[in-house]
Ligand code: EPZ
């Protein structure tokens, strides 16, 4: 189990380059299933989940070239023949986003088998809304031995109204609808930038889609889709994480190659806490030397609201802000795994139901802490950057799932951080 060792106290100074968005790259890689042609995706982040998706696609019969340093973070995928349209449990249990292959497989080859994802640290992660949508489009769904099978000679258009807003549910059914016969109307859709990014790729493949990025999406199915070269959006959550790294350490950090328009709710909340930022066209500079942070209340909501994927990171910042911050997690039922670890470092946090009350400012001191999930891990890194002494973070493979070489990026702006153990994706 590799660990991070972080000595706190350095204000971060300099520029950090944001990588491509993991949560865009995953659906876009799955979209390659929809065509027998070659698909090229650029600005792919070098993170563990992408490698997992490569293994998943290869297990189904796809050829996947995944280059990093040499190929400028590009992947070339060709699903000429999909001999085994199945996402097996050993892969699905490590990455719930494997369910994104459901819709494309049924649409392309008429059958999909996906191991029931099972829960994870942050919640149950059901896919009932994905399945209900596919049934409305004509798929027959069966479940046995822990695996779901969806079958359809050819999907047909349908009117889908999501009971709950679901990001990958919207993406999964959007992909299915591109090859379905007739019109599909999807309402109460997720509006996240990752949905818009996927739609742009699909349109580049010849799909007919209107309204991506709004709550209502219309799709007119086509017979076939062709190959495409598509560049993945910058990762808005990685960018937000580094903004907080600059703010929490009282530093001066330029977060470069990002899309500030995707971070409006995060920028507004940080400004409410007293964080000073200069917002450019594709960068945000956070200047926090001498700034006294003020606590602020925050509730996670679907985009364009404050993202649940930034909740843990915001909580770390709140521990260094004067006053009380109430943080309410409305999306997932168990996304406070970072609280106990932050408390062990000296934070004053009390959880009641979906709300955590943070009282600051409390000095943090180093401790041996355990990473539990991707964003909780990011929260502990942020806390360690200001904790007195040397903090040891265990099980950092969680953070490698969604942050590319985070220790190198942070060291590049003066953080005292080093990894002990094997390095994922060593160049
Ligand atoms: C996506 O997960 C992201 N993952 C998550 O990021 C993110 O936290 C989440 O959206 C919310 O923004 C990817 O895009 C790969 P949901 P997803 O379906 O699609 C319930 C990270 O840290 N629900 O929008 O799985 C569900 O239980 C990850 O990068 C159903 O009830 O989330 C949750 O309470 C973590 N039935 C709510 O909806 C369903 O069929 C929103 O989940 C689907 C979802």
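Numerical summary
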item	result
Those strands (runs of 3 or more DSSP E) lying entirely in the stretch 99-214 with at least 1 residues within 15 Å of the ligand (Cβ to nearest atom) and farther than 18 Å from residue 25 by Cβ	111-115, 140-144, 147-151, 159-161, 183-187
Scan of the stretch 326-370 for residues that are in contact (Cβ under 8 Å) with a residue 40 or more places away in the chain, in contact with a strand residue (DSSP E or B) (Cβ under 8 Å, 6 or more places away or on another chain) and within 16 Å of the ligand (Cβ to nearest atom), ordered by number	332, 333, 334, 335
Selected residue [at pLDDT 95 or above, farther than 22 Å from residue 398 by Cα, outside any strand (DSSP E or B) and out of contact with any helix residue (DSSP H, G or I) (no Cβ under 8 Å at 6 or more places or on another chain)] from 71, 36	36
Residue in the stretch 347-360 that is under 29 Å from residue 17 (Cβ atoms) and buried (at least 23 other Cβ atoms within 10 Å of the Cβ) present	no
Qualifying residue in the stretch 187-203 (condition: closer than 19 Å to residue 313 by Cβ and more than 21 Å from the chain's Cα centre (by Cα))	no
Criterion: over 26 Å from residue 406 (Cβ atoms) and either buried (at least 24 other Cβ atoms within 10 Å of the Cβ) or without any contact (Cβ under 8 Å) to a residue 24 or more places away in the chain (or both) - qualifying residue of 199, 239	199
Selected residue (only one of 320, 311 is modelled with pLDDT of 95 or more, within 16 Å of the ligand (Cβ to nearest atom) and not in a strand (DSSP E or B))	311
Subset of the stretch 109-128 [closer than 23 Å to residue 158 by Cβ, modelled with pLDDT of 90 or more and surrounded by fewer than 24 Cβ atoms within 10 Å (Cβ to Cβ)]	109, 110, 111, 113, 127, 128
Close pairs (7 angstrom Cβ cut-off, 6 or more residues apart or separate chains): under 15 Å from residue 256 (Cα atoms) and more than 16 Å from the ligand (Cβ to nearest atom) in the stretch 397-420, part of a strand (DSSP E or B) and modelled with pLDDT of 95 or more anywhere	409/16; 410/417; 412/14; 412/16; 413/13; 413/14; 413/16; 413/253
Residue match in the stretch 77-91 (condition: part of a helix (DSSP H, G or I), farther than 28 Å from residue 221 by Cβ, free of Cβ contacts under 8 Å to residues at least 40 places away in the same chain and in contact with a helix residue (DSSP H, G or I) (Cβ under 6 Å, 6 or more places away or on another chain))	yes
Residue in the stretch 222-238 that is away from the ligand (no atom under 16 Å from the Cβ), under 13 Å from residue 177 (Cβ atoms) and in contact with a helix residue (DSSP H, G or I) (Cβ under 8 Å, 6 or more places away or on another chain) present	yes
Scope the stretch 57-87; condition touching a strand residue (DSSP E or B) at 6+ places or on another chain (Cβ under 8 Å) and surrounded by fewer than 17 Cβ atoms within 10 Å (Cβ to Cβ); matching residues	58, 59, 63, 65, 67, 71, 72, 80
Within the stretch 1-33, tally of residues that are outside any strand (DSSP E or B), at pLDDT 95 or above and more than 17 Å from residue 250 (Cα to Cα)	15
Residue in the stretch 261-302 that is nearest to residue 234 (Cα to Cα), counting only those that are under 23 Å from the mean Cα position of the chain (by Cα) and either in a strand (DSSP E or B) or at pLDDT below 95 (or both)	283
Qualifying residue in the stretch 335-352 (condition: touching a helix residue (DSSP H, G or I) at 6+ places or on another chain (Cβ under 6 Å), at pLDDT 95 or above, assigned to a strand (DSSP E or B) and farther than 20 Å from residue 387 by Cα)	yes
Residue match in the stretch 388-396 (condition: within 16 Å of the ligand (Cβ to nearest atom), closer than 19 Å to residue 298 by Cα, touching a strand residue (DSSP E or B) at 6+ places or on another chain (Cβ under 6 Å) and outside any strand (DSSP E or B))	no
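A quick yes/no check of all residues on (1) over 24 Å from residue 84 (Cβ atoms); (2) under 20 Å from the mean Cα position of the chain (by Cα):
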{"position": "114", "(1), (2)": "no, no"}
{"position": "117", "(1), (2)": "no, yes"}
{"position": "120", "(1), (2)": "yes, yes"}
{"position": "137", "(1), (2)": "no, no"}
{"position": "140", "(1), (2)": "no, no"}
{"position": "146", "(1), (2)": "no, no"}
{"position": "152", "(1), (2)": "no, no"}
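The values are calculated or read from the model by the stated rules, or taken from the named source; none is laboratory data. This one's a predicted model, so the numbers in the text were calculated from it and none came from an experiment. In this analysis, Cβ positions are derived from the backbone assuming ideal geometry, glycine residues included, and neighbour counts consider all displayed protein chains.
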